[in-house]
Amino acid sequence: MINAPAIDPVLVRFVCGTLTLGGMGSPLIGELATRFSEMRVDPKDGAWRLPAIRYRQLIEFFVAKGIAFLDQARAYNRRIFNLADDRTPFEHQSEAIASWWNSGGRGLVVLPTGTGKSLVANLAIQKTGRPSLVVCPTIDLMHQWHIQLSKTFGEEVGLAGGGFLDWREITVSTYDSAYLHVEKWGNRFGLIVFDEAHHLPGPTTQLAARGAIAPFRLGLTATPEREDGSHVVMADLIGPLVYERGIHELSGEHLADYQTNLVWVDLSGEERQQYDHEACLLKDYLATKGYSLGSSGGWNRFIRESSRSPEARRAFKSFLVQRRILQQCEAKMQAVEDLLERHHKDRVLLFTADNATVYKVAKRFLVPALTHHTKPAERKEILQAFHDGRLPVLATSRVLNEGVDVPSAGVAIVLSGSGTVREHVQRLGRILRKHEGKNAVLHELVVRGTKEEFVSRRRRNHDAYQ
Amino acid sequence: MLTSDLVRATVYKASLRPSFLAEGDSAWLQSAEELLEMFRRAVGSPIAFIRDEMVEAIEGEDLPVVWKGLARVLEARCHLVPAEKQVTWQARLDLFARAAILRQNSGFDAEKRAELVSMESAQIGANSLEFLEALYADVPGHETISAFEDISARRLLEEYNLALAQGVVLRSEWLEVELQKGSTRQIRNLINAAKFHQLHWDLTADSDQPEKNIRIRFDGPMSLFDSTTKYGIRLACFLPTALAVEEAKISASLIWGKRPARKVIWEYHGSKVPFPNRHRLAPPAHPEIKGLHKLWQSTENDWELDACCQVLPFGESQFWIPDYLLKNRSDGRKVFVEILADWKKDRLTKMIQGLSESPEIPWLLVAKGSSKRAGFDHPGLGWYRSFPSPEKLLLWVESRAIKPLPG
């Protein structure tokens, strides 16, 4: 595309995830360096470079200043995408897309799981009219998106990830493949949809956003905050928060009605004795050293000490034994037995904190285990059988926390998990997708008189649990 | 090498200090010995046994990072074989489907489950306990450790330090090796290793004394956009060769940390800890190098093939370290030869241009590929497909060799 080719236009090219700028005089270099702090000379070839993410601001800057430029970076054209999906968007979906468009086609939309984020993405692709890339965190989700987009737009959709590398005008990729191959696709899409966008700020995954020129960007998530605080970079990578609705606002009409239920259990006499004994050892050690695990730097110090000192290692073992008792105690197993009996007609997801407990539960109750070790063929068969009711109970640790669509799931049993709000909200989200006659229930198993009480209080600190 | 989650280092101002373990430290030696004992005991057991031994959490987030790192080094020394009895995934899903039907009819209690398991066990000739063990025996962690390559605690700490240094360079923008008094043989080894690992580098030296004050700067994975992981692993694999060079000063510019990432420098002087036994680090000579020597000796010709140990200034402030020097026994003609497996067109063009401007250097470059695909050719450039044959090489050498200029 040539704009005002009167005298020496600036040549803008896309090279390996960056923009190179050629044919600039010193005054313009100075002006650009002031405007773009990331601009610098590449010592390898002497070219002025900018991260590809700055493409939009750069072009807007040239246009605003009337600077002639030759755009050889963009490798896509506008086109029309026809939606074969005749569903009328719900109010919240229309509002979300309108807010996003009003914000210049950049920004983050926060909606609970099961409220039709994929339709929002479809509408964004249609509205933008540019080749689009959808990026998601797992291979399961990638295939899910692939089926949905192929059906919605009635055309071949590309895949990048899980052994596929087929770039088309609508393509779905995993975050890993997106950043690994950004130099190949970074100038081929006008819109990038970041599904489960809270994954994007990871140190390597964010290269997918930085190495692409796409002027339009849409982030979709139910839980934007990250424990490490790095979610703040999303404003730069995607755009500002443009729309947000909570679970409470959408339950009933757009999400299944639900209830959350705390199930209190007690340790057996022997377990309690061991738990208290180990707790005592740990407490004594920390008292001797004069710090607590909750104090600033306390945990790191404890870990450091247990690398070197046998006493600290013994205390560390106490910590882990306590954790194992809480995760696998007999009362929890009995509670699972009772709940499976009570929900013997329902689709049930059993969530644990670790894979060891998943396999223990799977063997004890003869239910399939789904972990990151599960091979694709088995995983596909398990999810299909869960969907059609042949395998109505599924034990998992983290792989089903988010994204994977299990619309028929109506009951979640949380045996154990981290203390994070995000994980707990995502787990609740798995069972909230609207389904005929569904009343979702989340049972959270908590051992009375242990630190699990505190962990449970912490992870329920969200309006969905109020 | 250690992955980034296992790398321990501290940053002070703009300088990075990897947390190497002192081999003489009794506390570290004791920790290493404890771990080694676990691995020795684990031979014949599933690898998960170690994880149980390490208080069930080798893959957990909470185990001390040092222990995880040490265990990672030792895991690489384990030979694993699959568990003897395994249930296929189709068979276990069939079992779960039968269990689901019974559950849906209500009253599927522990007793009924035991009955079902007992029936299934009989079909594979196992008891119930063995059957349940075999149910997920195909999952990683259930492989049996058939052998463990034992080492001393001190050696484990050394290998950990090397793995840590390799983990550090995975975050590098560049890595520089500076040789003040390095022998040309050491430089030759470095260049051979760099070529073998297909690294990109620039060499600078003093024009007057090119063998002294040599700096070789290698591109790091963080300076690239393409295939950074693969390149990073190649650079990490090359690192032991650089560390093995006595009196070398190694420095690297790293992109470190997350919020936000910043540039830091890691510096290592060859004479210091933590690699007192540097000679152990250098990998053996690469088979390709030996291969050509062997092939050459099997061909009857009048040329002597020697590994070249010269640093030749050429063109405008460029330096060349050829692979071989070929000398004709009868007439004294000679030619320097470099074999290029991995090359970039602009770099090769620059090199040819520079060498062509240096008539005192008889040269021959042999590149992998074909002139047709590369789109250019030159009389000083030979092409090979998989391995340069001595016969072809001989033809090129004859056409390129010249008698040394007097003086």
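The values are calculated or read from the model by the stated rules, or taken from the named source; none is laboratory data. Owing to the predicted nature of the structure, the values given are computational and were not obtained by experimental measurement. Glycine gets a Cβ as well: all are built from the backbone with ideal geometry, and neighbour counts include every protein chain shown. These area figures cover heavy atoms from the full protein model, side chains too; ligands, DNA and RNA do not enter into them. Shrake-Rupley method; radii C 1.70, N 1.55, O 1.52, S 1.80 Å.
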Between A:85, A:71, which is surrounded by 14 or more Cβ atoms within 10 Å (Cβ to Cβ) and not in a loop (DSSP other than H, G, I, E, B)?
A:71
If you take the residues in the range A:300-312 that are more than 8 Å from every other protein chain (Cβ to nearest Cβ) and not polar (S, T, N, Q), which one is farthest from the chain's Cα centre (by Cα)?
A:311
Tally, over the range B:10-52, of residues that are away from chain A (no Cβ under 11 Å), part of a loop (DSSP other than H, G, I, E, B) and of a type in the set (Ser, Thr, Tyr)
1
Take residue B:7 and tell me if it is under 25 Å from residue B:234 (Cα atoms), at pLDDT 85 or above, within 10 Å of another protein chain (Cβ to nearest Cβ) and crowded, with 21+ Cβ neighbours inside 10 Å.
no
Residue B:261 vs (1) open to solvent by 70 Å² or more (accessible area, probe 1.4 Å); (2) within 14 Å of chain A (Cβ to nearest Cβ); (3) at pLDDT below 75: all pass except (1)
In the range B:196-223, which residues are closer than 30 Å to residue A:50 by Cβ, touching a strand residue (DSSP E or B) at 6+ places or on another chain (Cβ under 8 Å), open to solvent by 40 Å² or more (accessible area, probe 1.4 Å) and assigned to a loop (DSSP other than H, G, I, E, B)?
B:200
Starting from the range B:66-82, keep only residues that are touching a residue at least 40 places away in the same chain (Cβ under 8 Å), then list their pairs with residues that are buried (at least 17 other Cβ atoms within 10 Å of the Cβ) and β-branched (Val, Ile, Thr) whose Cβ atoms are within a distance under 6 Å, requiring at least 6 positions of separation or different chains.
B:78/B:145; B:81/B:144
Just wondering, is there one or more residues in the range A:417-440 that are modelled with pLDDT of 85 or more and over 21 Å from the mean Cα position of the chain (by Cα)?
yes
Quick one: what pairs do we get from the range B:127-156, first residue free of Cβ contacts under 8 Å to residues at least 24 places away in the same chain, second open to solvent by 20 Å² or more (accessible area, probe 1.4 Å) and not in a loop (DSSP other than H, G, I, E, B), C-beta under 6 Å, 6+ apart or different chains?
B:128/B:118; B:132/A:363
Any chance residue B:193 is at pLDDT 80 or above, open to solvent by less than 30 Å² (accessible area, probe 1.4 Å), out of contact with any strand residue (DSSP E or B) (no Cβ under 9 Å at 6 or more places or on another chain) and in the same structural domain as residue B:237 (by TED's automatic domain parsing)
yes
Which one of these does residue A:97 not meet: (1) crowded, with 20+ Cβ neighbours inside 10 Å; (2) out of contact with any strand residue (DSSP E or B) (no Cβ under 7 Å at 6 or more places or on another chain); (3) not basic (Lys, Arg); (4) not in a helix (DSSP H, G or I)?
(4)
Here the residues within the range B:90-122 that are at pLDDT below 90 and within 7 Å of chain A (Cβ to nearest Cβ) are B:104, B:106
Would the range A:230-250 turn up any residue that is under 14 Å from the mean Cα position of the chain (by Cα) and not aliphatic (A, V, I, L, M)?
yes
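Residues checked against (1) in a strand (DSSP E or B); (2) in contact with a Gly (Cβ under 9 Å, 6 or more places away or on another chain); (3) within 27 Å of residue A:423 (Cα to Cα):
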residue	(1), (2), (3)
A:101	no, no, no
A:109	yes, yes, yes
A:112	no, yes, yes
A:118	no, no, yes
A:123	no, no, no
A:127	no, yes, no
A:143	no, yes, yes
Within the range A:163-178, count every residue that is open to solvent by 50 Å² or more (accessible area, probe 1.4 Å) and either more than 22 Å from residue A:129 (Cα to Cα) or in a strand (DSSP E or B) (or both).
5
Grab the helices (runs of 4 or more DSSP H) fully contained in the range B:297-407, keeping just those with 3 or more residues being surrounded by 13 or more Cβ atoms within 10 Å (Cβ to Cβ) and out of contact with any Pro (no Cβ under 7 Å at 6 or more places or on another chain).
B:345-356, B:390-400
Can you find a residue in the range A:333-354 that is within 25 Å of residue A:459 (Cβ to Cβ), in the same structural domain as residue A:417 (by TED's automatic domain parsing) and of a type in the set (Lys, Arg)?
yes
